[in-house]
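Since every read-out is calculated from the coordinates, none of them should be taken as a lab result. Computed from a predicted model, the values in this text were never measured in an experiment. Every residue, glycine as well, gets a Cβ built from its backbone with ideal geometry; the counts of neighbours run over all protein chains shown.
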Amino acid sequence: MKILGIETSCDETSAAFVEDGVIRTNVVASQAEQHAEWGGVVPEVAARMHVEAISGVIEAARQGEIPDAIAVTNRPGLVGALSVGVSAAKALAYAWNRPIVGVHHIEGHILSPFDSVVEPVFPFLSLVVSGGHTELFLVRDFGRYELIAETIDDAAGEAFDKGARLLGLGYPGGRALEDLAQSGNPKRYTLPQGLRHDAHRWSFSGLKTAMKRLVEVEGEKINREDAASSLQRAIVSALVAKVDAALNEHVVAGLSLVGGVAANKALRSAVEQLARRDGLQCFIPPFDRCTDNAAMIALAGAIRLERGEHDGFGFETLATSEL
Ligand code: KG4
Ligand code: ZN
């Protein structure tokens, strides 16, 4: 089955063409530069830029082919941004007379490691870490996701981005912070780990405040590499600690790490180490499928379509939606 995937939930306009689980194309046009001067995504700007980019991105992804079905992110996300992808998808499904499915963005991330080569083993734990989400799910089967832990304030990606901004790195700063941390000493500065003894809730807001204070107190004499490295260590240990706690609570066959922050090498190796320790299969997508992309939406849509499920033309776009 040939599926056209479309993703416009935040600041990436993306379209992908997936055939029988093989990713033929995965085109991503990022707006990050345009939002950088504001230090975050401006919803109105995002929607307008999706309108400009969407047709070209879809044409580049499908390369003249007409798919058997269309999968599009319809929830959760910025409604104006989502609406651009959903409208384009509905128009094409109507014109080509093809079935369409609305995909939950987080389900897209959870299924992002799985293609024609990598198959899941159930049940597995999935750590979803992005700019907007920090959640741990117990995945019992396709479509069966149990929330085990979540953040009560900032997402892990926000903690990276805010730390990066304090250190004068651009937006989004996760990648730049990781690069700076490379040569730093992670033990130089002590940063707090919120809700350390709570197995089901993360908190990253205290870390952000502590980082701000550190930058203020140290002033000119701050070692930026060490500060970046210490922050990365604090975030990675906080994330991994709750995965470890969940592994004590649940018997699983696999462990997965997905979302934009899954591109972080320190986090990837910490999760791989846990999986190795417990003899679990480890599922982490390649770097280009960690941050938002349409291939993951096409892969998630394919599973529903193969079961004969699809949506009519009336489905909505939603800002928030539980998985
Ligand atoms: O999944 P994603 O593309 O968008 C959302 O759905 O939020 O995730 C973007 C987030 C940003 O906060 C970005 O700073 C972070 O992922 N990120 C990283 C790295 N690459 C991207 N954080 C840490 N290390 C990285 N290498
Ligand atoms: Zn995402």
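Tabulated results
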{"item": "Antiparallel %, DSSP beta bridges [both residues in segment 124-284], to 5", "result": "55"}
{"item": "Dipole-positive endmost among 183, 126, 170 within segment 124-284 (Cβ charges, Cα centre)", "result": "183"}
{"item": "DSSP-defined antiparallel bridges as percent of all bridges, segment 49-182, nearest 5", "result": "70"}
{"item": "Segment 124-284: relative contact order as a whole-number percent, Cα under 8 Å and 6+ apart", "result": "27"}
{"item": "Antiparallel DSSP beta bridges within the chain, percent to nearest 5", "result": "60"}
{"item": "Length-normalised contact order of the chain in % [C-alpha pairs under 8 Å, at least 6 apart]", "result": "25"}
{"item": "Magnitude of the charge dipole, segment 124-284, Cβ model with Lys/Arg +1 and Asp/Glu -1, debye to 20", "result": "300"}
{"item": "Helix 224-249 vs. the chain, principal-axis angle (Cα, 0 to 90°, nearest 10)", "result": "70"}
{"item": "Dipole magnitude (debye, nearest 20) for the chain, charges at Cβ of Lys, Arg, Asp, Glu", "result": "660"}
{"item": "Distant alpha-carbon pairs in the chain (separation over 39 angstrom), percent", "result": "12"}
{"item": "Within the chain, longest stretch free of exposed GluC sites (Glu not before Pro) [DSSP loop, at most 15 other beta carbons within 10 Å]", "result": "66-308"}
{"item": "Charge-dipole axis of the chain as Lys and Arg at +1 and Asp and Glu at -1 on Cβ define it, positive-most pick from 149, 230, 3", "result": "230"}
{"item": "Equivalent ellipsoid semi-axes - Cα gyration tensor, segment 124-284, angstrom", "result": "28, 15, 14"}
{"item": "Cross-link pairs beyond the 21 Å C-alpha cut-off, checked among 242/265; 187/212; 212/265; 162/265", "result": "212/265"}
{"item": "Mean shadow area of segment 118-197 over all directions, Cα convex hull, nm²", "result": "7.5"}
